[in-house]
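The values are calculated or read from the model by the stated rules, or taken from the named source; none is laboratory data. Keep in mind that this is a model prediction, so the values were computed, not measured. Positions of Cβ are backbone-derived with ideal geometry, glycine not excepted, and every protein chain shown enters the neighbour counts. Calculation scope for accessible area: heavy atoms of the full protein, side chains included, ligands and nucleic acids excluded. Shrake-Rupley method; radii C 1.70, N 1.55, O 1.52, S 1.80 Å.
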There are 2 protein chains.
Amino acid sequence: MKKLINTPETVLAESLDGFAAAHADIVTLAEDRKFVRRAKLTPGKVALVSGGGSGHEPLHAGFVGYGMLDAACPGQVFTSPTPDQMLAAAQAVDGGAGILFIVKNYEGDTMNFDMAAEMAGGEVMTVLTNDDVAVESSTYTTGRRGVAGTLIVEKIVGAAAENNVDLAGLKALGDRVNSRTRSMGVALTSCTVPEAGAPTFQISDDEMEMGVGIHGEPGRRRVKLASADAIANEMVAAITDDLADKGDALLLVNGFGGTPLMELYLMYNSARADLEKRGFKVQRSLVGNYVTSLEMAGCSITVSLMDEETLGLWDAPVHTPAFRMNM
Amino acid sequence: MKKLINTPETVLAESLDGFAAAHADIVTLAEDRKFVRRAKLTPGKVALVSGGGSGHEPLHAGFVGYGMLDAACPGQVFTSPTPDQMLAAAQAVDGGAGILFIVKNYEGDTMNFDMAAEMAGGEVMTVLTNDDVAVESSTYTTGRRGVAGTLIVEKIVGAAAENNVDLAGLKALGDRVNSRTRSMGVALTSCTVPEAGAPTFQISDDEMEMGVGIHGEPGRRRVKLASADAIANEMVAAITDDLADKGDALLLVNGFGGTPLMELYLMYNSARADLEKRGFKVQRSLVGNYVTSLEMAGCSITVSLMDEETLGLWDAPVHTPAFRMNM
């Protein structure tokens, strides 16, 4: 295992301390590192809380700040945070207008966020993201996995929350964005969880995992490495076949951590051409490492159908450590 | 070679096309893909032009836009752009107040930018960056290599250019920032140039290259992998021993492309503590993949001494594909 770490046991704590120090103008790290929250809260606004296993940075803590999340709970690498963390986060950022949990569909996360919602007692609603079209149910999931589309839900719902939309309205908006968002990933290499010390899966030098999950879960099939165009085509076909509609879209090409930006833009180029052939109009774009799997090589493609309202919310100001626009 | 590409020969062209399409609101790709320039130029402003071999994305094209560069010339991977590209870029963005070339110290780049400056005839000055303390002279360099500190020069000089500082003033500012900026890198793995098809260098599973260059050039020594604290300590010591001064500083922890953000923040945490012990005060921070070496695992640490003027210019609005602040 080649990593820039001190000990596997202290990776998360030291990384969070660095993150909080680097972005002290935007975020605060809570006691016992239970959660990351905005340094400055807005009373009277619905509070957005997310979280999940670490190793997907910048998701979620990198999206805490004006226009997106109010707090994020980091679990150990690829491990759900605890209900205790979620409850503490919800209580710390509660502005009196209710709490919206945004949760990726993994069994540990959904169970723990449900428990935290019960413990919180007050007004809590949950948006569950499940944008991954690759497989139905998986190693850690019943139903579809929540992957990079989660970022789009967090951005759009976060913008609406700044506009003082109420809890039920945000829940409905989040569900609508999720229902119009689809993703699929491909891995060229595995990743290594520090505490495991060995690659999560084995893959040959000429193979790729088509439809991989963001923890290295199996996808649809293990096949020979193909051209970028062929890979993008298979992913775009799977995504668009699954969408009920076509039209204005946001195209996100998300790196898993080990693939150079140069290749991500090349994949974007291919995916965009393919999408436009299928009758989609790419109105907004995002290319980079946003929902990663440690140092896994590969990427995911996400297509989200947009309308006037969601385009406006996507363009609204956001100021977080990992995502800044228009402010 | 596991890469998301179609053919090694078309990687750059397809990647640039994707980049230009994704960021059409900010940049325009010139004919024959000679350069990337701002979509909207500012007449009367000194034009900042940079460039270099590709494979370091987002450097340089990702830094074209308000508050930073006016144009960037992409060479083939790890290969200097041609004087013809630089001349075309300079002519396209010339706003009548002169051209400032910002050039990393590599023989191909300096030779070609010098030739372009001569061909341009008009008022052209050059800031040469050489912030890498690792070695004196290297595979492609006489003197010190220009590495991640180049981003800091581009940001600060870019902000001053928006304030209508004249060409000589920007040249002096750029030289001053470069003279107060030092970097050093470490590699855990090699990278593979698409056209070469094989890793640039071989390295064992338990070794690292301390002081590596951003093309995989040899550093100071090949040693056994050490703890993040020990690595950060060696790099910070090399950097600070070479700086004539201490005080307010900007700390940049830059990923080379294959190292997860989690580890970069951990390295930041370690480097920051070390710097503060040595009497530096970290006033600004940047952590992420900014000056990469394709998919190389590893990172560099850069320390830049700041004063009231440069802090203000660092904080000034910038709006580029890869770097946005305060607008």
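Taking a ≥ b ≥ c as the square roots of the eigenvalues of the alpha-carbon gyration tensor, chain B is classed oblate because a/c is 1.5 or more while a/b is no larger than b/c. Neighbours of A:Glu263 by Cβ distance under 9 Å: Lys/Arg scored +1, Asp/Glu scored -1, total 0.
Each of B:Lys277 and A:Glu118 was given a label point 7 Å from its Cα along the Cα-to-Cβ line. The distance between the two points is 4.8 nm.
Summarising the label geometry, the points placed 7 Å from Cα in the beta-carbon direction at B:Ala24 and B:Lys40 lie 1.7 nm from one another.
Taking 30 Å as the limit for the C-alpha separation, the pairs B:Lys3/B:Lys104; A:Lys277/B:Lys45; B:Lys171/B:Lys281; A:Lys281/B:Lys3 exceed it in the case of A:Lys277/B:Lys45. The charge dipole of the protein assembly as shown, taken about its Cα centre with unit charges on the Cβ atoms of Lys, Arg (+1), Asp and Glu (-1) only, comes to about 280 debye. Here's the picture: charge each Lys and Arg Cβ at +1 and each Asp and Glu Cβ at -1 in segment B:217-275, and of B:Ser227, B:Ala273, B:Met262 the one pushed furthest to the positive end of that dipole is B:Ser227. In the assembly of identical copies, B:Asp245 has its label point, taken 7 Å from Cα in the direction of the beta carbon, separated from the corresponding points by 5.8 nm (ascending, one decimal). Positive-end ranking of A:Ala159, A:Ala13, A:Gly75 along the dipole of segment A:8-180, with charges on Cβ about the Cα centre, is headed by A:Ala159. Would you work out if the protein assembly as shown is rounded, prolate or oblate? Take a ≥ b ≥ c from the square roots of the eigenvalues of the alpha-carbon gyration tensor; rounded if a/c is under 1.5, else prolate when a/b is larger than b/c, oblate otherwise. Cα axes put the protein assembly as shown in the rounded bin.
Evaluated with a Cβ-only charge set (Lys, Arg +1; Asp, Glu -1), chain A carries a dipole of roughly 460 debye about its Cα centre, given to the nearest 20. DSSP assigns beta bridges within segment A:181-308; of those with both partners inside it, close to 70 percent run antiparallel. Here the Karplus relation 6.51 cos²θ - 1.76 cosθ + 1.60, evaluated at θ = phi - 60°, turns the backbone of segment A:277-285 into coupling constants of 4, 8, x, 8, 10, 6, 9, 9, 9 Hz, with x for every Gly and Pro. Binning the C-alpha pair distances of segment A:8-180 at 10 Å intervals from 0 yields a P(r) profile of 11, 43, 37, 9, 0 %, listed from the shortest bin outward. Inter-chain Cβ neighbour count for B:6-17, averaged per residue, equals 5 (cutoff 10 Å, partner chain atoms only). Of the beta bridges in segment A:1-136, as assigned by DSSP with both residues counted there, near 25 percent are antiparallel.
Amide H to amide H distances under 5 Å link A:Met296 with A:Gly258, where only residues 5 or more positions off or on other chains count and H is placed in the peptide plane.
A plus B alone minus the pair: what accessible area, both sides summed, probe 1.4 Å, in Å² to 100?
Between A and B, the summed buried area is about 4600 Å².
Expressed as a whole percent, the accessible surface of segment B:1-148 that belongs to carbon and sulfur atoms is 52, based on a 1.4 Å probe. Computed over chain B, the per-residue total of -39500 (n - 2.57) for DSSP H runs of n ≥ 4 gives a 222 nm mean residue ellipticity of -10000 deg cm²/dmol, rounded to 500.
Averaged over the residues of B:57-63, the number of partner chain Cβ atoms lying within 10 Å of the residue Cβ comes to 2.
Across segment B:1-97, Cα pairs under 8 Å and at least six residues apart give a relative contact order of 28 percent.
The mean accessible area for residues of the protein assembly as shown, using a 1.4 Å probe and ignoring ligands and nucleic acids, is 33 Å² per residue. In nanometres and ascending order, the distances from the B:Glu308 label point to those of the other copies are 5.0 (point 7 Å from Cα along Cα→Cβ).
Placing dummy labels 7 Å off each Cα toward the beta-carbon, the span from A:Arg222 to A:Ser179 is 3.8 nm. Peptide A:269-275 has a mean shielding of 4, counted as Cβ atoms of other protein chains within 10 Å of each residue's Cβ. With the label put 7 angstrom out from Cα along the Cα-to-Cβ vector, B:Glu276 ends up 5.0 nm from the copy partners, going from closest to farthest.
In terms of packing, defined here as the mean over residues of other Cβ atoms within 10 angstrom, the peptides A:88-95, A:204-211, A:293-300 line up highest first as A:293-300, A:88-95, A:204-211.
Comparing mean-square fluctuations of B:Phe19, B:Phe201, B:Phe78 from a GNM of chain B with C-alpha springs under 10 Å, the top value falls on B:Phe201. Taken about its Cα centre, segment A:181-308 carries a charge dipole of roughly 200 debye when the Cβ of each Lys and Arg holds +1 and the Cβ of each Asp and Glu holds -1. Among B:Ala47, A:Ala22, B:Ala244, pick out the residue whose Cα is farthest towards the positive end of the charge dipole of the protein assembly as shown, where Lys and Arg carry +1 and Asp and Glu carry -1 on C-beta, about the Cα centre. Checking the options against the dipole of the protein assembly as shown, the answer is B:Ala47.
With the cut-off at under 19 Å, measuring from each backbone N in segment B:136-172 to a point 7 Å along the Cα-to-Cβ line of B:Phe201 picks out B:136-149.
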